[in-house]
Amino acid sequence: DEDLFCLGTLTAELWLGRALFDVVSVRDYDERGELPPAIFTLPPSIRELVVHALGDNCDAFGGDVGADVALAVSSGSGARGGGALPRRRRTVAAQLLAMRTFPPYFGALYTLLGTARLHVQPTQQLDVILEHQSMLMALPRAGVRLVLPYLLRFFEQPSTQVRALRALVAPLAARLGVCSARKHLLLPLARLFQASDNATLRHNVLQGQTVTTILHAFGVGTFVETFLPHMLDNVRRSDTPSDVALLTAGALKLLVPQLGATISTRYIVHPLLLFLAQPRADAHLLVKTLVKIAIDLPDAVIATHYVGTLVALLREH
């Protein structure tokens, strides 16, 4: 109730540019349910919202509440020019959001988030979101952006990261579009690629389907700049667990035909070959990765890049 009262008061004050209540009008409101005169200078749609939000918190009311509210909204009569608010039960949030002041989808969004927030555990909240995912993705793009800060929390909670990655990235990216996906999803997903201390998370990030989804969601340029360097580090670093390195090698191989020979050579093959040419104790995994990638590359690329590196290695050793 207090939240709705504050919503009505703040809405009026944002429009008016000054305080809605003073000492006298607060007393009149508490004792007689009389509205401040300034409310009746507001536009009709804003006025209706404010009147509903400031409704009395009484258990009993008489007559046609809708008619009483309409009378209070439309009239400016009463002491000090204000309208007397009928003694009635306060409007609940769902009714308030169904008013024409708000977009039509606000009511459904409130119900969904309200249901999810009834649960304490993030895993249970995510269960509710995924159960109503079709409704969520049917929202207009503005509605999806509105609920996005809440959804992004699931990418930060260790207990929900993997499920959020599998279930939400593709539909959210498709619904938001490339530009909005870059703006809102890029940083949370980049953090997941950098989570080197979470083996389960890294395994799911590096799944071929996940990598492909992220590539399509953000475009080649963003993927190459933001995500690919972390994948290359997995096969270049000697302290990377072997299973993660092998999974990365498979994901890189899957990327080559999607990126094309030119981009793959520049951003995958060339950096790995340069690293291979440096003195290091164990190049087995790196060589295995390059061999896997070479299968999908033209002979000319292999002759130009691979052979030159191999010759340099032979000369060095």
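The values are calculated or read from the model by the stated rules, or taken from the named source; none is laboratory data. These numbers come from a predicted model, not from an experiment. Heads up, the Cβs are rebuilt from the backbone with ideal geometry, glycines too, and the neighbour counts pull from every protein chain shown. Quick note on the areas: whole protein, heavy atoms, side chains included, nothing else; ligands and nucleic acids left out. Shrake-Rupley method; radii C 1.70, N 1.55, O 1.52, S 1.80 Å.
Considering only region 21-56, how many residues are in a loop (DSSP other than H, G, I, E, B) and open to solvent by 10 Å² or more (accessible area, probe 1.4 Å)?
The total comes to 4.
Within region 1-20, which residues are touching a Lys or Arg at 6+ places or on another chain (Cβ under 9 Å), of a type in the set (A, V, I, L, M, F, W, C) and either open to solvent by less than 30 Å² (accessible area, probe 1.4 Å) or in a loop (DSSP other than H, G, I, E, B) (or both)?
Leu4, Ala12 - these are the residues of region 1-20 that are touching a Lys or Arg at 6+ places or on another chain (Cβ under 9 Å), of a type in the set (A, V, I, L, M, F, W, C) and either open to solvent by less than 30 Å² (accessible area, probe 1.4 Å) or in a loop (DSSP other than H, G, I, E, B) (or both).
Please determine whether any residue of region 98-113 is modelled with pLDDT under 85 and among the charged types (D, E, K, R).
Yes, region 98-113 has at least one match.
Provide a single number: the residues in region 105-127 that are more than 17 Å from Pro149 (Cα to Cα) and surrounded by fewer than 12 Cβ atoms within 10 Å (Cβ to Cβ).
The qualifying residues number 3.
Out of Leu276, Leu272, Leu252, I need the residue that is among the hydrophobic types (A, V, I, L, M, F, W, C) and open to solvent by 10 Å² or more (accessible area, probe 1.4 Å). Which one?
Criteria check complete, one pass: Leu276.
Working only within region 212-221, note down all residues that are closer than 18 Å to Arg175 by Cα and part of a helix (DSSP H, G or I).
If the condition is that a residue be closer than 18 Å to Arg175 by Cα and part of a helix (DSSP H, G or I), then Thr212, Thr213, Ile214, Leu215, His216, Ala217, Phe218 are the ones that fit.
Might you let me know whether region 215-231 holds any residue that is modelled with pLDDT under 75 and either open to solvent by 60 Å² or more (accessible area, probe 1.4 Å) or under 22 Å from Leu276 (Cβ atoms) (or both)?
If we filter region 215-231 for residues that are modelled with pLDDT under 75, which is where we start, we get none.
No: zero hits.
How many residues are surrounded by 20 or more Cβ atoms within 10 Å (Cβ to Cβ) and assigned to a helix (DSSP H, G or I) if we restrict to region 156-198? Working first, answer last.
Initial filter on region 156-198 (surrounded by 20 or more Cβ atoms within 10 Å (Cβ to Cβ)): 160-161, 164-165, 168-169, 172-173, 181, 185, 189, 192-193.
If we keep only those that are assigned to a helix (DSSP H, G or I) as well, we get 161, 164-165, 168-169, 172-173, 181, 185, 189, 192-193.
Final tally of qualifying residues: 12.
Are there any pairs, at least 6 apart or on different chains, whose C-beta atoms fall under 8 Å, with the first in region 144-155 and under 18 Å from His119 (Cα atoms) and the second open to solvent by 80 Å² or more (accessible area, probe 1.4 Å), and if so, which?
Phe154/Arg163; Phe155/Arg191
Which of the residues spanning region 222-258 are of a type in the set (Asp, Glu) and in a helix (DSSP H, G or I)?
Matches in region 222-258: Glu225, Asp233, Asp243.
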